[in-house]
Amino acid sequence: MTDKYAVIGNPVAHSKSPLIHAEFARQTGQDISYIAVLAPPDGFRAAVLAFRDAGGRGINVTLPFKHEAWNLATAHRGYAFNAGAVNTFEFRGSEIIGHNTDGIGLVRDIKENLGCSIQGRRVLLMGAGGASYGVMEPLLREQPGEIAVANRTVDKAVTLVAYFEKFQTFALRGVTARPYAGLRGAQFDVLINATSAGLSGEMPPLPGDIFAPDALAYDMVYGRTTPFLEFARAQGARAADGIGMLVEQAAEAFFIWRSVRPQTASLIAMLRKA
Ligand code: ATR
């Protein structure tokens, strides 16, 4: 019998997840179906339970429900617990197991697909919303030399850093919260835009000399060239959008569900071309 999966969000019609999982299933010979489900803002829990009760095996969660998904999970695995956000449910009996594969997807894209090491490097993480919480622990586990968390509302960056300071299971070395104005004179090797600025054609106010030689500028937004990536290219930095992260987080979810790891490179290339 075909195993059923879905992505739930609002909006969700634009989601590339059904296409990505269909390609993974074709490639690995897995018998699954994968659909997009639109949940009303106050109807996330009902949509998840209805899908599960109709025989669904797992769900991907997208905006704006990742935090609510954390609360709905009956158990948390991997990076989900500390991230406070869940993007993948795995249904096992009465358990709703919550995972977060976003950070793994980001780190794998940066390291393996883009060939850029994080260990010992100076990392700038822009933004202090859900996207930043989701990737902090996997980034820290790469043991960067430094992570500066910059945010327009600096208090939120301070809160984020204080939140991760509570955990004793990984070292919080060289992590600072900064206003953008406090970045003058600093240089970074890996600059990650986890803000939603690119969606409205804006970018965080960065000084021009912030890119170290050979720096990688990464924007989690995908499918468009954001002002941040244009700025980075103009300064001589290498620029990457979030399409690789999208495919890699999906591959990790597919692995959790099916115990088979799909190939990602050709799909990333295809989506980038499209
Ligand atoms: P998400 O869960 O996707 O991270 P969010 O919680 O709404 O979404 O957070 C959006 C992030 O983008 C925030 O860090 C926000 O900065 P503020 O906390 O100061 O609002 C950041 N952001 C949005 N537009 C921005 C812009 N034009 N310039 C800089 N930062 C921006």
Problem set entry | Qualifying position, being farther than 29 Å from F89 by Cα and not basic (K, R), among I256, I210 | I210
Problem set entry | Subset of the range 138-149 (residues that are buried (at least 21 other Cβ atoms within 10 Å of the Cβ) and more than 10 Å from the ligand (Cβ to nearest atom)) | P138, L139, L140, P144, I147, A148
Seminar exercise, completed: When (1) in contact (Cβ under 8 Å) with a residue 40 or more places away in the chain; (2) acidic (D, E); (3) away from the ligand (no atom under 16 Å from the Cβ) are applied to E165, the one that fails is (1)
For this session: Report the residue count in the range 26-45 for those that are touching a residue at least 40 places away in the same chain (Cβ under 8 Å) and among the aliphatic types (A, V, I, L, M).
Result: 1
Problem set entry | Hits in the range 179-200 - residues which are within 15 Å of the ligand (Cβ to nearest atom) and open to solvent by 50 Å² or more (accessible area, probe 1.4 Å) | P179, A181, S196, L199, S200
Exercise. If you scan the range 117-127, which residues turn out to be open to solvent by 10 Å² or more (accessible area, probe 1.4 Å) and in contact with a strand residue (DSSP E or B) (Cβ under 7 Å, 6 or more places away or on another chain)?
Worked result: R121, R122
Exercise. Can you tell which of F170, F231 is at pLDDT below 95 and surrounded by fewer than 22 Cβ atoms within 10 Å (Cβ to Cβ)?
Worked result: F170
Problem set entry | Pairs, first of a type in the set (D, E) in the range 57-83, second within 16 Å of the ligand (Cβ to nearest atom), C-beta under 7 Å, six or more apart | E68/F44
Exercise. Which one is nearest to the ligand (Cβ to nearest atom) among residues in the range 201-237 that are over 21 Å from I104 (Cα atoms) and charged (D, E, K, R)?
Worked result: E202
For this session: Look through A150, A181, A177 and report the one residue that is within 25 Å of T225 (Cβ to Cβ) and at pLDDT 95 or above.
Result: A150
For this session: Considering only the range 77-144, give the helices (runs of 4 or more DSSP H) lying wholly within it that have at least 2 residues that are assigned by TED's automatic domain parsing to the domain that holds M220 and over 11 Å from the mean Cα position of the chain (by Cα).
Result: 130-141
Problem set entry | Residue list for the range 145-167, restricted to those being in a helix (DSSP H, G or I) and of a type outside the set (A, V, I, L, M) | D155, K156, T159, Y163, F164, E165
Seminar exercise, completed: Residues of the range 56-76 being β-branched (V, I, T) and assigned to a loop (DSSP other than H, G, I, E, B), in sequence order, are T62, T74
Seminar exercise, completed: Within the range 43-69, of all residues that are surrounded by 18 or more Cβ atoms within 10 Å (Cβ to Cβ) and among the small types (G, A, S), the one nearest to the ligand (Cβ to nearest atom) is A69
Exercise. If you go through the range 3-19 one residue at a time, do you hit one that is open to solvent by less than 10 Å² (accessible area, probe 1.4 Å), small (G, A, S) and not in a helix (DSSP H, G or I)?
Worked result: yes
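The values are calculated or read from the model by the stated rules, or taken from the named source; none is laboratory data. Quick caveat, the model's predicted, so the values are computed rather than measured. Here the Cβ is made from the backbone with ideal geometry for all residues, glycine too, and neighbour counts use every protein chain on show. Accessible surface areas use protein heavy atoms only, side chains included; no ligands, DNA or RNA. Shrake-Rupley method; radii C 1.70, N 1.55, O 1.52, S 1.80 Å.
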